[in-house]
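Comments concern the structure below.
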Amino acid sequence: MFKHIRSFVGKLFNENQQMLVVMYLSHFYWFLRKYFLAVEIIYPEEFLTNWSIIKHYSSQDRERNFTVYQMIKVHNEIFKDKKTNVIEFGVDRGGTLTTISKFVKDSSEIYALDSFGFFSDDIKSNVTKYDQHYLGTYRPFTKKTRFKNFNYLALEKQLNEILIKKESNLNIIKCYFPEKIDDEIFKKISSIKYSFVHVDFDLYKPTLDVIKFVIPRHEKNAIILLDDYNLINQEGVKWAVRDSGVNINKCIQTQSGQLICYT
Ligand SMILES: C[S@@+](CC[C@H](N)C(=O)[O-])C[C@H]1O[C@@H](n2cnc3c(N)ncnc32)[C@H](O)[C@@H]1O
């Protein structure tokens with residue numbers, strides 16, 4: 001019942017307003033952790049500085065972004081001194097991609113894929129019965145809403161200015177994954193292995209496609225982080241994980257709804 005109420009109320013706001021409301025509610029909820037549970041997390045200064053910038057365009061709240069930050073740090077330790085590939089599915093306006101780019105270790109090649117509103121019709125026409133919040137007339141991830149005045153090439157340039165100092169590089173790929181993507185680029189991303197994968201496509205079909213793509217292409221000990229696993233209005237993600245055959249016993253569910261899989 002609450003799932004339907006939340007979905008209905010959410011759609012009364014535009015996507016940017018929805019994200020602001022979620023951020024405010026989440027901040028208040030986690031602020032209470034100290035008073036209810038006597039648990040206090042002292043966030044690293046570098047994380048808070050990054051958060052103060054990205055919170056204006058992030059589609060995640062601070063807690064989920066802190067998981068991304070921590071998992072990238074764990075990844076850096078596991079793959080220390082190695083040249084590795086990192087991939088993100090679902091960039092939006094670059095909240096998590098900025099965190100990944102700022103904190104990833106040296107010698108990392110990053111690939112980041114999104115439709116950026118160019119393929120919003122494809123996204124809409126592939127919504128399934130598992131993505132109830134996205135059925136009907138609601139159109140997510142469009143040029144008119146989320147991507148109004150957004151330039152992904154400017155984001156790529158800005159993050160590469162940080163990455164070049166770490167002998168690293170970012171390639172942002174505009175596509176509808178996996179069906180509408182430049183052949184050469186698809187060949188390239190299919191031919192390499194990944195040490196860190198962030199999956200944030202929100203919907204059943206592309207999430208399942210990503211998991212199938214990633215399973216034969218991850219390094220040993222790679223980290224696969226899925227956003228939205230336990231989010232009640234993005235339940236397609238959980239169905240995709242179930243249908244992919246991922247061994248849930250090798251994964252951790254975070255208190256903020258993400259799923260972390262060890263490989
Ligand atoms: C929740 S957002 C990603 C949020 C982002 N990680 C952040 O931190 O702000 C989901 C994104 O997935 C993209 N998307 C969904 N399905 C896709 C597909 N099949 N191919 C490409 N992009 C897709 C949408 O355009 C949208 O920007």
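The values are calculated or read from the model by the stated rules, or taken from the named source; none is laboratory data. All figures in this text were calculated on a predicted structure; none of them were measured in a lab. We place every Cβ from the backbone using ideal geometry, glycine too, and count neighbours over all the protein chains shown.
Here are the numbers for this structure:
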{"read-out": "Set Thr49, Thr67: member being assigned to a helix (DSSP H, G or I) and without any contact (Cβ under 8 Å) to a residue 24 or more places away in the chain", "value": "Thr49"}
{"read-out": "Matching option when the condition is of a type in the set (Val, Ile, Thr), within 13 Å of the ligand (Cβ to nearest atom) and surrounded by fewer than 16 Cβ atoms within 10 Å (Cβ to Cβ), among Ile181, Ile185, Ile215, Ile248", "value": "Ile185"}
{"read-out": "Residue among Thr145, Thr96, Thr128 that alone is in a loop (DSSP other than H, G, I, E, B), more than 14 Å from Tyr204 (Cα to Cα) and either touching a Lys or Arg at 6+ places or on another chain (Cβ under 7 Å) or not basic (Lys, Arg) (or both)", "value": "Thr145"}
{"read-out": "Every residue from the stretch 108-123 that is surrounded by 15 or more Cβ atoms within 10 Å (Cβ to Cβ) and more than 10 Å from the ligand (Cβ to nearest atom)", "value": "Ser108, Glu109, Ile110, Tyr111"}
{"read-out": "Matching option when the condition is more than 16 Å from the ligand (Cβ to nearest atom), crowded, with 21+ Cβ neighbours inside 10 Å and basic (Lys, Arg), among Lys73, Lys105", "value": "Lys105"}
{"read-out": "The listed residue being more than 20 Å from Tyr130 (Cβ to Cβ) and either within 14 Å of the ligand (Cβ to nearest atom) or not polar (S, T, N, Q) (or both), out of Val197, Val237, Val241", "value": "Val197"}
{"read-out": "Counted residues, the stretch 129-147 - those being over 25 Å from His218 (Cβ atoms), more than 9 Å from the ligand (Cβ to nearest atom) and in contact with a Phe, Trp or Tyr (Cβ under 8 Å, 6 or more places away or on another chain)", "value": "2"}
{"read-out": "Residue check, Gln18 among the polar types (S, T, N, Q) and without any contact (Cβ under 8 Å) to a residue 24 or more places away in the chain", "value": "yes"}
{"read-out": "Residues within the stretch 154-204 that are assigned to a strand (DSSP E or B) and hydrophobic (A, V, I, L, M, F, W, C), tallied", "value": "6"}
{"read-out": "Test: residue in the stretch 151-167 that is more than 18 Å from Ile53 (Cβ to Cβ), of a type in the set (S, T, N, Q) and more than 9 Å from the ligand (Cβ to nearest atom)", "value": "no"}
{"read-out": "Residues of the stretch 178-193 satisfying the condition of being closer than 17 Å to Gly90 by Cα and touching a helix residue (DSSP H, G or I) at 6+ places or on another chain (Cβ under 6 Å)", "value": "Pro178"}
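Matching residues to (1) modelled with pLDDT of 85 or more; (2) out of contact with any helix residue (DSSP H, G or I) (no Cβ under 8 Å at 6 or more places or on another chain); (3) small (Gly, Ala, Ser):
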residue: Met1; (1), (2), (3): no, yes, no
residue: Leu12; (1), (2), (3): no, yes, no
residue: Val22; (1), (2), (3): yes, yes, no
residue: Glu40; (1), (2), (3): yes, no, no
residue: Tyr43; (1), (2), (3): yes, no, no
residue: Trp51; (1), (2), (3): yes, no, no
residue: Tyr57; (1), (2), (3): yes, no, no
residue: Gln70; (1), (2), (3): yes, yes, no
